[in-house]
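**Student:** Here it is: the structure, laid out below.
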Amino acid sequence: MKKTLANCDPSVLAGRRVIVRSDLNVPMDGARVADDQRIVASLPTIRMLVDAGARVLVLSHLGRPKGEVDPGLSLAPVAERLGAVLGREVRFGPDPLGRGVAEPISGEVVLLENTRFELGETRNDTELARSWADLGDLFVNDAFGTAHRAHASTVGIASAMRSKGGDAVSGLLMARELRYLGDALREPDRPFVAILGGAKISGKIDVISALSSRVDRLLVGGAMANTFFRALGLDTGASLVEEDRIEMARELLEVVGDTLLLPTDCIVAESLEAGSRSRVVHRSQVEDADHIVDVGPETVTAFDEVIGRARTVVWNGPMGVFEVPDFSRGTEGVAHSVADACDGGALVVVGGGDSAAAAHLAGVSDRLSHISSGGGASLALLAGQELPGVESLSDGA
Ligand code: ADP
Ligand code: MG
């Protein structure tokens, strides 16, 4: 077990210099924060520290500036929005290393400039990590979204903090993500059902193989299913298929057998664009010019039956091109099925940015146990991998 902020006595936090690595990597529209979900997700940790009277220094990256100062990727607008949602001023420190920035006083929050303006950040540079660690006495890693990468402000800083006798602990968001995506799925109540979809198999192969040996049923939709269709010898017309993964899909089919449930029918359209003509066909009736854009109604019902019996559900990846309303029914169907299962007492965890957006679109976000804030990190956890950002923290009781 790693140490976590949740177990820290607030009285020991008063007046302490605490460095928080948050994931404030939000989508921007010019200098405007386009979506503040990640800022909101980071609040519990920051609020706990502020309430305890800690001196809070927040670090984050934004975008991929490649080790150079890029004014377009400044965290200044994020500091402002963080202050707005926190309900108290967040002072912005225009230097990533805090040079020339006055230290926060008790109960104050200072957000430093984009960590990735430093070349050593993504290289996990030791010197850089030490400079950051020197800015505080306790390190809190709450950046779940980047926990699968070993960077100076996530991993190096934790080691540097421990070398100088300080603690490196997980933040409240990080701990919650680990509880739902790690612990809960390690010994799940059964039946345990995974639903996988999205555009590609390639980024999710490790997840498919790790989950397929642990779940009772694996439901596959989205373009990912097309590659499996081809492995079954079916025609997929003009649909998105990963030709170089067909052989791998074939091998997977042999290994997992009946655990894997593929769509039996689909929605095919003339193109992926809105307004394009579509029809429902059996998966054996896809014609040359057809694009498979969604799973069909028979599949939605079959998936609903399996999900309805589940005690634990993990969902990653939409069932179709859900951005187009006409092609979103399969994804919406799954969203409602998992929400109903959750209402009935099942544990339901959703990972992946597009799946989270789909759950939101379907209006069921509030009815699910947990929606992960991290795409790549949640996939890594589901694949059973260790996260460097977690491994580097102090060991606790
Ligand atoms: P997540 O972000 O939840 O992990 P992905 O990024 O893997 O999900 O996949 C989401 C994308 O997959 C969406 O943009 C969606 O349009 C696309 N997609 C799903 N099904 C299909 C399909 N049949 N054909 C083309 N694209 C698809
Ligand atoms: Mg995505």
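**Student:** Accessible area of the chain with a 1.4 Å probe: how many percent of it is carbon plus sulfur? Write down the numbers at each step before the final one.
**Tutor:** Numbers: 8010 of 16650 Å².
So the carbon and sulfur contribution to the accessible surface is 48 percent.
**Student:** Now, a different point. I'd like the accessible area for residue 282, computed on protein heavy atoms only with a 1.4 Å probe and all protein chains in place. Round to 10 Å², please.
**Tutor:** We get 80 Å² for residue 282.
**Student:** Same structure again: So what is the relative contact order of the chain, in percent, for Cα pairs below 8 Å that sit 6 or more residues apart? Present the calculation step by step, with values, prior to reporting the outcome.
**Tutor:** Details: 904 pairs, mean separation 66.1, N = 397.
So the answer I get is 17 percent.
**Student:** Is the shape of segment 200-261 rounded, prolate or oblate, going by the alpha carbon gyration tensor and its root eigenvalues a ≥ b ≥ c, with a/c under 1.5 for rounded and a/b larger than b/c for prolate?
**Tutor:** prolate
**Student:** Which semi-axes, in whole Å and largest first, does the equivalent ellipsoid of the chain have when worked out from the alpha carbon gyration tensor as the square roots of 5 times its eigenvalues?
**Tutor:** Over the Cα atoms of the chain, the ellipsoid semi-axes are 42, 22, 19 Å.
**Student:** Give me the distance in nm between label points sitting 7 Å out from Cα along the Cα-to-Cβ direction at residue 270 and residue 123, one decimal.
**Tutor:** 5.4
**Student:** Same structure again: With the chain treated as a Gaussian network of Cα nodes joined by springs under 10 Å, which of 111, 178, 119 yields the largest mean-square fluctuation?
**Tutor:** Highest fluctuation among the options: 119.
**Student:** Could you work out how much longer the chain between residue 301 and residue 105 gets when fully extended? Use 0.36 nm per residue separation minus the Cα distance between them, nm to one decimal.
**Tutor:** 64.8 nm
**Student:** Sticking with this one: Could you do me a favour and compute the accessible area per residue for the chain, 1.4 Å probe, result in Å²?
**Tutor:** On a per-residue basis, the chain sits at 42 Å².
**Student:** Just to compare against my own numbers: the Cα pair-distance distribution for segment 1-148, 5 Å bins, whole % per bin, please.
**Tutor:** 2, 10, 20, 25, 22, 14, 6, 1, 0
**Student:** Work out, step by step, the length gained on full extension between residue 32 and residue 85: first 0.36 nm times the residue separation, then minus their alpha carbon distance; give nm to one decimal.
**Tutor:** 17.6 nm
**Student:** Using amide H atoms built 1.01 Å from N in the peptide plane, name the residues 5+ places from residue 93, or on other chains, whose amide H lies under 5 Å from its own.
**Tutor:** 111, 112, 113
**Student:** Follow-up. Helix-derived [θ] at 222 nm for the chain: sum -39500 (n - 2.57) over DSSP H runs of at least 4, divide by residue count, nearest 500? Walk me through the numbers before you get to the answer.
**Tutor:** Details: 15 runs with 128 residues, N = 397.
The helix contribution divided over the chain gives -9000 deg cm²/dmol.
**Student:** So what's Rg/Rh here for segment 100-146, counting alpha carbon atoms and using the Kirkwood radius for Rh?
**Tutor:** Reported Rg/Rh (Cα atoms, Kirkwood Rh): 0.96.
**Student:** Please report the Cα spread of segment 79-227 along all three principal axes, rounded to whole Å, starting with the longest.
**Tutor:** Principal extents (Cα only, largest first): 55, 35, 29 Å.
**Student:** Continuing with the same structure: Within the set of other residues whose C-beta is less than 13 Å from the C-beta of residue 225, count the net charge using Lys and Arg as +1 and Asp and Glu as -1. Before the final figure, lay out the partial values.
**Tutor:** Values: positive: 200, 204, 230, 245, 283; negative: 242, 265, 294.
That works out to +2.
**Student:** Positive end of the dipole of segment 261-357, charges at C-beta (+1 Lys, Arg; -1 Asp, Glu), about the Cα centre: which of 289, 321, 261 has its Cα farthest in that direction?
**Tutor:** 261
**Student:** For segment 305-372, what Kirkwood radius comes out of the mean inverse Cα-Cα distance, in Å?
**Tutor:** Hydrodynamic radius (Kirkwood, Cα pairs) of segment 305-372 is 11.5 Å.
**Student:** Rounded to whole Å and ordered largest first, report the semi-axes of the equivalent ellipsoid of segment 205-302 derived from its Cα gyration tensor (root of 5λ).
**Tutor:** After diagonalising the Cα gyration tensor, the semi-axes are 24, 15, 11 Å.
**Student:** Put a dot 7 Å past each Cα toward the Cβ at residue 232 and residue 202; how far apart are the dots in nm?
**Tutor:** Between residue 202 and residue 232, the label points sit 2.4 nm apart.
**Student:** Would you work out which of 362, 48, 163 lies farthest towards the positive end of the dipole of the chain? Charges go on Cβ: Lys and Arg +1, Asp and Glu -1.
**Tutor:** 163
**Student:** Of 73, 393, which has the most accessible area with a 1.4 Å probe, and how do the rest follow in descending order?
**Tutor:** Ranking 73, 393 by accessible area, largest first, yields 73, 393.
**Student:** Pulled fully out, how much extra length does the chain show between residue 179 and residue 14, if you take 0.36 nm times their separation in residues and subtract their Cα-Cα distance? Working shown, then result.
**Tutor:** On the way: separation 165, 0.36 × 165 = 59.40 nm, distance 2.70 nm.
Separation in residues times 0.36 nm, less the Cα-Cα distance, equals 56.7 nm.
**Student:** Once the dipole of the chain is set up with Lys and Arg at +1 and Asp and Glu at -1 on Cβ about the Cα centre, which of 223, 75, 100 lies farthest towards its positive end?
**Tutor:** Looking along the dipole axis, the top candidate is 100.
**Student:** Rounded to a whole number, what is D in µm²/s for segment 348-397 from Stokes-Einstein with the Kirkwood radius over alpha-carbon pairs (10 °C, 1.306 mPa s)?
**Tutor:** It diffuses with D of about 130 µm²/s by this estimate.
**Student:** OK, next. Please report how far the C-alpha centroid of segment 357-397 lies from that of segment 261-333, rounded to the nearest whole angstrom.
**Tutor:** The two parts, judged by their Cα centres, are 25 Å apart.
**Student:** Quote the FRET efficiency, to the nearest 0.05, computed for residue 383 versus residue 285 with a Förster distance R0 of 51 Å and r equal to the Cβ-Cβ distance. Present the calculation step by step, with values, prior to reporting the outcome.
**Tutor:** Working: r = 35 Å, r/R0 = 0.68.
Calculated value: 0.90.
The values are calculated or read from the model by the stated rules, or taken from the named source; none is laboratory data. Bear in mind that the values here come from a model prediction, so they are computed numbers and not experimental data. Heads up, the Cβs are rebuilt from the backbone with ideal geometry, glycines too, and the neighbour counts pull from every protein chain shown. Just the protein is used for accessible areas: all its heavy atoms, side chains included, with ligands, DNA and RNA removed. Shrake-Rupley method; radii C 1.70, N 1.55, O 1.52, S 1.80 Å.
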